[in-house]
Amino acid sequence: MIDANAWQQANPLFSVRGLSKSYGGRIGCADVSFDLYPGEVMGIVGESGSGKSTLLNCISGQMAPDSGEVLFDTRTEGLKDTRKMRESERRMLARTDWAFVHQNPRDGLRMGVSAGGNVGERLMAVGARHYGDIRDSALDWLGRVEIAADRVDDRPSAFSGGMQQRLQIARNLVTGPRLVFMDEPTGGLDVSVQARLLDLLRGLVREMGLSAIVVTHDLAVVRLLADRLMVMKSGHVVEAGLTDQVLDDPQHAYTQLLVSSVLQV
Amino acid sequence: MKEMDQYNFAYLDEQTKRMIRRALLKALAIPGYQVPFASREMPMPYGWGTGGVQVSAAVLTPEDCFKVIDQGADDTTNAVSIRKFFQRTAGVATTEHTEDASVIQTRHRIPEEPLKEGQILVYQVPIPEPLRFLEPRETETRKMHALEEYGLMHVKLYEDIARHGEIATAYAYPVKVEGRYVMDPSPIPKFDNPKMEMAALQLFGAGREQRIYAVPPYSRVVSLDFEDYPFDPSKAEHPCALCGAEHTYLDEVIVDDDGGRMFVCSDTDYCAARRAAGHRGAMAAPYEEEETAG
């Protein structure tokens, strides 16, 4: 097993320094800094409009922040500011070492392409040119996300919402990324499907040693998935710490409100 | 005043031709790259070869000999009217013989006769962007070309194999030019793809889409494929019913309402030349009347 203190000596995989983004006079997110270590899952929670999605889009390279640094531990050059990378490098990262799971699977999937083609796309994008091999890994990954092998040639439009989300996850993880960004991965799914998806995600994250940043407003999701938690309000990080610590003993008034707002069944 | 004098040579004005030639030079310098150009209204509808006609107009000189083919045939409406157009507006000599022509405008075929150095083949292109139906955003496809992100092209081929058991794309089969740009060879049958590594100059004009691209002579043109599903320039498994050729691209012609059909060379000039040389296919006329003035 991994040494319990090993993470403290490791270099961060991903590091954000003083990131700010404003939309004209309005703050999107302000002065956000954090480190993410290999194998760690961090949750970002907050209400609608708190800047979670802005932050996620900025750190995943889909939106340009106004200021700040976004450092990633690249395989060849070590920690490097992704904002200063060339676009080709950044896009290469986005389809190899990074993955992005959208809230709506339709944003992350090619709806006109079969499930197998969806999973194979990233492989082909990094140079796989052997049909048999591509198909084998597509089938392997469909199995890992619990999609039956005989659905490999069906289009995602024929899948249920939960299956589409699992397909999106398979499509993203097929190249063995080291960092996964997830934007409300369980949004729009009913609770039993949510539970299975979370189970699956937790298994994959542990098994592959992934680092992940999960943005959600669902505290149950972060409780299950995240090691650490950041709470955002009006673009600022108001509280951060270990998940259980933040959820069980919230210090900031807003976090207290958030925790106490969860409906108990 | 003769009819021809009412137009500038080859219909277009000199400034327009200059603009098109500049685009052509740029296209030649970057093989396979789509160069935008200010396409003009031509006296024909979009989709009938407005791009090809503009490129032809820009490269024609009074000494040229012009040939137009449409699906390999010299005598279809489109071919006849474009040939007449340049007869009238440029007064150039025209021919139906591939080897006599110095400029050949083509729709959907490459002539069977290998082209020589000094000849120019002008393609009419409906959709120049090979990634169009995979990625609808033009901003994105341009970026993909710039960064050489062509994985998506293989997704299309993957889908073909997954659905049909083989690469079912039979025309407009994507090629990579000189190891860099992925290019749509216009809707020529994939049978013609290997011919694109040729001695002649190949120019592509897309009028509606306002793009010009080119393949210089002897450029490397590779058809995309998978290692375990290699490119196959297939054709109908028949000899030509008229000239007996087994190595040419064939058209299927329905001859009755009883399932009867014949396969004939799509390149009419090539087929006629073979018949003149004495080759006979299974359905060839037993004797052909001498062509007499009549």
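The set of residues in segment A:53-79 being more than 14 Å from A:I27 (Cβ to Cβ) and part of a helix (DSSP H, G or I) consists of A:L56, A:N57, A:I59. For A:V101, which of the numbered conditions (1) of a type outside the set (G, A, S); (2) within 14 Å of chain B (Cβ to nearest Cβ); (3) under 21 Å from the mean Cα position of the chain (by Cα) fails to hold? Result: A:V101 fails condition (2) only. The set of residues from segment A:80-109 being assigned to a strand (DSSP E or B) and either among the hydroxyl-bearing types (S, T, Y) or surrounded by fewer than 18 Cβ atoms within 10 Å (Cβ to Cβ) (or both) comprises A:K80, A:D81.
A single entry from B:K190, B:K143 fulfils the requirement of being of a type outside the set (S, T, N, Q) and within 11 Å of chain A (Cβ to nearest Cβ): B:K143. Scanning segment A:110-138 for residues that are more than 7 Å from chain B (Cβ to nearest Cβ) and either assigned to a helix (DSSP H, G or I) or crowded, with 24+ Cβ neighbours inside 10 Å (or both) yields A:A115, A:N118, A:V119, A:R122, A:L123, A:D133, A:R135, A:D136, A:S137, A:A138.
Report yes if B:R274 is surrounded by 16 or more Cβ atoms within 10 Å (Cβ to Cβ), among the charged types (D, E, K, R) and farther than 30 Å from B:K26 by Cα, otherwise no. Criteria met by B:R274. Residues in segment A:86-98 that are touching a Lys or Arg at 6+ places or on another chain (Cβ under 9 Å) and more than 11 Å from chain B (Cβ to nearest Cβ): A:T96, A:D97, A:W98. In segment B:139-171, how many residues are in contact with a strand residue (DSSP E or B) (Cβ under 9 Å, 6 or more places away or on another chain), farther than 18 Å from A:G132 by Cβ and not hydrophobic (A, V, I, L, M, F, W, C)? Residues flagged as in contact with a strand residue (DSSP E or B) (Cβ under 9 Å, 6 or more places away or on another chain), farther than 18 Å from A:G132 by Cβ and not hydrophobic (A, V, I, L, M, F, W, C) within segment B:139-171 amount to 4.
A single member of A:V152, A:V215, A:V237, A:V205 is within 14 Å of chain B (Cβ to nearest Cβ), among the β-branched types (V, I, T) and in contact (Cβ under 8 Å) with a residue 12 or more places away in the chain, and it is A:V152.
Quick one: is A:T175 touching a residue at least 24 places away in the same chain (Cβ under 8 Å), in contact with a Lys or Arg (Cβ under 9 Å, 6 or more places away or on another chain) and not in a helix (DSSP H, G or I)?
In short, yes.
Here A:V41, A:V16, A:V101 are screened, and the one residue that is β-branched (V, I, T), within 28 Å of A:F159 (Cβ to Cβ) and in contact with a Gly (Cβ under 9 Å, 6 or more places away or on another chain) is A:V101.
Bear in mind that the values in this text are calculations on the coordinates, not laboratory data. These numbers were taken from a predicted model, which means no experiment stands behind them. Quick reminder, even Gly has a Cβ in these numbers, built from the backbone with ideal geometry, and neighbours come from all protein chains shown.
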